[in-house]
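The values are calculated or read from the model by the stated rules, or taken from the named source; none is laboratory data. If you're wondering where the values come from, they're calculated on a predicted model, not measured in any experiment. We place every Cβ from the backbone using ideal geometry, glycine too, and count neighbours over all the protein chains shown. Heads up: the accessible areas ignore ligands, DNA and RNA and are worked out on the full protein's heavy atoms, side chains in. Shrake-Rupley method; radii C 1.70, N 1.55, O 1.52, S 1.80 Å.
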Amino acid sequence: MTDAMEPKFDDVIHAPIRLRICGMLEAYGTLRFDALRDTLDVSDATCSKHLKTLADHGYVTLTKKAGGGKGYKVTWVRLTDDGLRAFQGHVAALKRIIAGE
């Protein structure tokens, strides 16, 4: 639960696209790359760039699995435990800011 998390502002998560990615992953668990890209209404390159940043910080895992048709692999994205804690801590910090603390 976000309210129980230690508030900690996270510059990596704070970027708007990455914040939305983390929010979607917290809500839905594992999502396909194309679902994230389409929901965010960004290009493949933009989505990939933000996912790479999150992955480089250990906040998400990217897993390629068969199932895209015609031999294509589908990339699945999920928050790691560290990513979930960082996201919830960031949300807690934002709530403090909003409350004027």
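Observations
- Residues satisfying the stated conditions in the range 69-83, i.e. surrounded by 14 or more Cβ atoms within 10 Å (Cβ to Cβ) and closer than 11 Å to PHE33 by Cβ: VAL74, THR75, TRP76, VAL77
- For the range 79-101, the candidate set comprises residues that are under 15 Å from ILE13 (Cβ atoms) and outside any helix (DSSP H, G or I); within that set, the residue that is nearest to the chain's Cα centre (by Cα) is LEU79.
- Helices (runs of 4 or more DSSP H) contained in the range 2-67 and holding at least 1 residues touching a residue at least 24 places away in the same chain (Cβ under 8 Å), open to solvent by 30 Å² or more (accessible area, probe 1.4 Å) and of a type in the set (Lys, Arg): 16-28
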